[in-house]
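Input: a single structure, listed below in structure tokens.
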Amino acid sequence: MNQVLLTIDGQRVLIPEGFTVAAAFSLSGQDICRYSVTQQPRAAFCGMGVCQECRVTINGQRRLACQTLCQSGMCIERGQNV
Ligand code: FES
């Protein structure tokens, strides 16, 4: 299986090609995507683009982790209140 190299919170990781960013988080053992306005950790919930709980910043743009396929060179930042 081919892999893509990307960065999650400054850490370089190899993820199997075809995985979503949310799946990459699960694979890394850190499901948290962001924090709520009350600083509660939030993670992917619906997995189909409805709940918006998986918002992250990818290459400076707000994206849904469950709807975004991993691509080589991506810079993903999470934990922000986005
Ligand atoms: S997990 Fe619900 S929109 Fe991504």
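Can you tell me which of (1) surrounded by 13 or more Cβ atoms within 10 Å (Cβ to Cβ); (2) within 15 Å of the ligand (Cβ to nearest atom) is the one Leu27 doesn't meet?
Of everything listed in (1) surrounded by 13 or more Cβ atoms within 10 Å (Cβ to Cβ); (2) within 15 Å of the ligand (Cβ to nearest atom), Leu27 misses just condition (2).
Pick from Cys75, Cys66: which is within 11 Å of the ligand (Cβ to nearest atom), under 12 Å from the mean Cα position of the chain (by Cα) and modelled with pLDDT of 95 or more?
Cys66
So in the stretch 30-60, with the set limited to residues that are of a type in the set (Val, Ile, Thr), surrounded by fewer than 19 Cβ atoms within 10 Å (Cβ to Cβ) and within 19 Å of Cys75 (Cα to Cα), which one is nearest to the ligand (Cβ to nearest atom)?
Going through the qualifying residues, I end up with Ile32.
Can you tell me which condition Gly18 does not meet? The list is (1) more than 11 Å from the ligand (Cβ to nearest atom); (2) modelled with pLDDT of 95 or more; (3) on the phi < 0 side of the Ramachandran plot, and all the others hold.
Looking at each condition in turn, Gly18 falls short on (3).
The values are calculated or read from the model by the stated rules, or taken from the named source; none is laboratory data. On a predicted model such as this, the values are computed, not experimentally measured, just so you know. Cβ sites come from the backbone with ideal geometry, for glycine too, and all protein chains shown count toward neighbours.
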